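Where a number appears in this text, it was derived from the coordinates with a stated rule and is not lab data. The model shown is predicted, which means the values in this text are computed figures rather than measured ones. Here the Cβ is made from the backbone with ideal geometry for all residues, glycine too, and neighbour counts use every protein chain on show.
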Amino acid sequence: MSTPFASAAPYYARYRPPYPREFHTLLADRFALDGSQTVLDLGAGPGTLALPLASLADHVYAVDPEPAMLAEGIRLAEERGITNISWLRGDDACVTRLCLPRIDLCVIGGAFRRMDRGRVLADLDEVLAPRGGVAVVESSLHRAGGPPPGWLTVVEEVRARFLAPGRPDGVDPDDLGDLLAKSPLSRVETHRWDQPVRHTVDEVIGLQLSFSSSSPAVLGDRTAAFETELRRALLDHDPRGTYARTLRIAAAVATRPRR
């Protein structure tokens with residue numbers, strides 16, 4: 001059965017901002033990634049984490065419940081000549097049933113908020129190598145004590161006219177460390193970066209269509225009208241057609257306590 005992300009998959013692959021280089025450098029240093037390790041990307045989507053990690057690992061297993069997301073990941077891997085990723089359909093409930101080899105590093109992005117976190121961390125404890133660990137990364141708007149950029153308010157106003165009350169997919173990442181510290185992988189370190197991002201008007205629209213809450217499947221026959229109205233509202237707000245914000249990236253790395 002398809003998930004709400006099916007129709008969002010092409011937009012997710014194209015318009016979601018990549019995670020910063022500092023995050024991949026952290027993983028390479030913390031887990032001594034030298035091309036010999038096995039990595040699991042759980043809730044992989046179209047490979048936002050799996051694809052850049054492939055060059056640092058011997059093999060990457062990218063697991064996601066949505067076939068459309070996996071198809072996008074396969075397409076991107078073929079375009080980039082990446083051949084050491086296995087794309088597997090599954091979710092956080094089947095970690096111990098995937099017959100994976102020992103995992104040196106498991107990475108989880110935004111899908112973590114939709115998982116049964118206690119269970120999946122206990123299951124990962126079973127499949128991780130003795131010195132293995134988990135890295136969870138989340139992003140949110142960094143408001144630095146002030147209001148969000150005006151163009152984001154414009155987006156919210158247009159969304160409110162087309163969609164039921166609610167917010168786009170998102171999470172406050174500040175509690176990642178506490179969540180992981182309650183698991184068997186209770187040795188936790190946290191890291192944060194601010195990532196400036198600039199969007200064109202097309203990218204802002206595509207980003208909205210990448211959310212399960214405002215995907216083409218949700219908007220249905222109103223999709224074209226939503227795109228048209230959002231484009232008009234954004235250009236009325238700033239005719240230059242460039243929209244800046246700063247993302248707060250939070251990462252938590254969890255390993256077993258030292259004995």
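Angle, helix 21-30 long axis vs. longest principal axis of the chain, Cα atoms, 0 to 90°, nearest 10?
10 degrees
When the Karplus curve 6.51 cos²θ - 1.76 cosθ + 1.60 is applied with θ = phi - 60°, which whole-Hz ³J(HN,Hα) does each residue of the range 202-212 get, with x for Gly and Pro?
My calculation for the range 202-212 gives 5, 5, 4, 5, x, 4, 4, 6, 7, 7, 4 Hz in order.
ASP238 to ASP125: FRET efficiency via 1/(1 + (r/R0)^6), r the Cβ-Cβ distance, R0 41 Å, to the nearest 0.05?
The formula returns an efficiency of 0.25 here.
What spacing in nm lies between the two simple spin-label points modelled at ARG21 and ARG256, each 7 Å away from Cα in the Cβ direction?
Those two pseudo-labels are separated by 3.5 nm.
In whole angstrom, how far apart do the alpha carbon centroids of the range 36-87 and the range 2-31 sit?
10 Å
Could you tell me which label, among (i) 20.3; (ii) 14.2; (iii) 15.3, carries the value of mean projected area of the Cα convex hull in nm² calculated for this structure?
Computed from these coordinates, mean projected area of the Cα convex hull in nm² corresponds to label (ii).
Angle, helix 67-80 long axis vs. longest principal axis of the chain, Cα atoms, 0 to 90°, nearest 10?
So the inclination is approximately 80 degrees.
Taking the 0 to 90 degree range and rounding to the nearest ten, how far is the long axis of helix 223-237 tilted relative to the main principal axis of the chain, both from C-alpha atoms?
Taking the Cα atoms of the chain, the angle to 223-237 is about 70 degrees.
Which residue, ALA217, ALA62, ALA225, tops the fluctuation ranking in a GNM of the chain built on C-alpha contacts under 10 Å?
Taking springs between Cα atoms under 10 Å, the residue moving most is ALA225.
In a GNM of the chain with a 10 Å cut-off on Cα contacts, which of HIS237, HIS24, HIS59 has the highest mean-square fluctuation?
HIS237
ILE74 label point, 7 Å along Cα→Cβ, cut-off 17 Å on backbone N: hits in the range 84-104?
The answer is 84-91.
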